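The values are calculated or read from the model by the stated rules, or taken from the named source; none is laboratory data. As the structure is a computational prediction, the values presented were derived from the model and not from experiment. Here the Cβ positions follow ideal geometry from the backbone for every residue, glycine too, while neighbour counts run over all protein chains shown.
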Amino acid sequence: MMRFKIAVVFCVLAFAKAELSPAQSTQKIEREEKIAIELFPKTALEFVNTISNSRKKVKFYKETDGDKISYEAKLKYQNRKYSIEFDEQGKIEDVEIQLSKRSIKKQAFLKIENYLDTVARKYRIEKVQEQYVGENKTAIQIKEQIAQKLVDNYELIVAFKNNRKIYRREYLFDNKGNFLSKRDIKRLEYDFLLF
């Protein structure tokens, strides 16, 4: 019986080590720089105007993540924080809207929590966004999808504490709470987090 318990402990530790291995996931090293509206792709501007009905208080960014370059418009519309991302040519990639974790559908959130419990004993969900994927959709179609709350995915930034080390990951779950992908987050500035 004792051998069985030891074998189970080793299996759990092996799984945990595999989960924590940075080679198992890609890394997210983003750099954002604020840019003038004139440097933002014109087709993307039309999209932003359709989503928000206004260009007031919209901030424009050029974002690099490794070799990938994209453009992002950030704004507050109807008391919600929007992030609208475009590729280099100005084609929509996705619209992300920040929300509280309590706003996720209950069944989906339970699945997400169950998954995160397998990663580490201590974690904190720092940021949650609902994601509306822009593939083959017009601004009007996405705006309607947002109005009807037909979320495609949930993107979470999660901080973990394991063996006195703190690390963060970006997770993507579908609207039912099923795991889709993860990326390690490499922060460029000093981070301090209390658990």
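The residue pairs whose first member lies in segment 114-133 and is without any contact (Cβ under 8 Å) to a residue 12 or more places away in the chain, whose second member is in a helix (DSSP H, G or I) and polar (S, T, N, Q), and whose beta carbons are closer than 6 Å, counting only pairs six or more residues apart or on different chains, do not exist in this structure. The residues in segment 73-102 that are over 14 Å from the mean Cα position of the chain (by Cα), in a strand (DSSP E or B) and among the charged types (D, E, K, R) can be counted, and the count is 3. Residue count for segment 32-53 under the criterion of being of a type in the set (S, T, N, Q) and assigned to a loop (DSSP other than H, G, I, E, B): the result is 1. If the condition is being surrounded by fewer than 12 Cβ atoms within 10 Å (Cβ to Cβ) and either in contact with a Lys or Arg (Cβ under 6 Å, 6 or more places away or on another chain) or of a type in the set (S, T, N, Q) (or both), then segment 147-184 contributes Gln148, Asn163.
The sole residue among Gly90, Gly66 that is without any contact (Cβ under 8 Å) to a residue 40 or more places away in the chain, surrounded by fewer than 18 Cβ atoms within 10 Å (Cβ to Cβ) and not charged (D, E, K, R) is Gly66. Restricting segment 103-114 to residues that are over 16 Å from the mean Cα position of the chain (by Cα) and part of a helix (DSSP H, G or I), the residue that is surrounded by the most Cβ atoms within 10 Å (Cβ to Cβ) is Lys111. Give segment 117-168 a look and list any residue that's in a helix (DSSP H, G or I) and either charged (D, E, K, R) or under 15 Å from Ile185 (Cβ atoms) (or both), or say none. Listed by number, the residues that qualify are Asp117, Val119, Lys143, Glu144. Taking residues in segment 156-177 that are more than 11 Å from Tyr123 (Cβ to Cβ), and partners anywhere that are surrounded by 16 or more Cβ atoms within 10 Å (Cβ to Cβ) and of a type in the set (Val, Ile, Thr), the pairs with Cβ atoms closer than 6 Å and at least 6 places apart or on different chains are Glu170/Ile157; Glu170/Ile185; Phe173/Ile112; Asn175/Val151; Gly177/Ile112.
Out of Val151, Val158, Val119, one residue alone is of a type in the set (A, V, I, L, M), out of contact with any Ser or Thr (no Cβ under 7 Å at 6 or more places or on another chain) and within 30 Å of Phe40 (Cα to Cα). It is Val151. Tallying residues that are surrounded by 15 or more Cβ atoms within 10 Å (Cβ to Cβ) and at pLDDT 90 or above within segment 36-59 yields 7.
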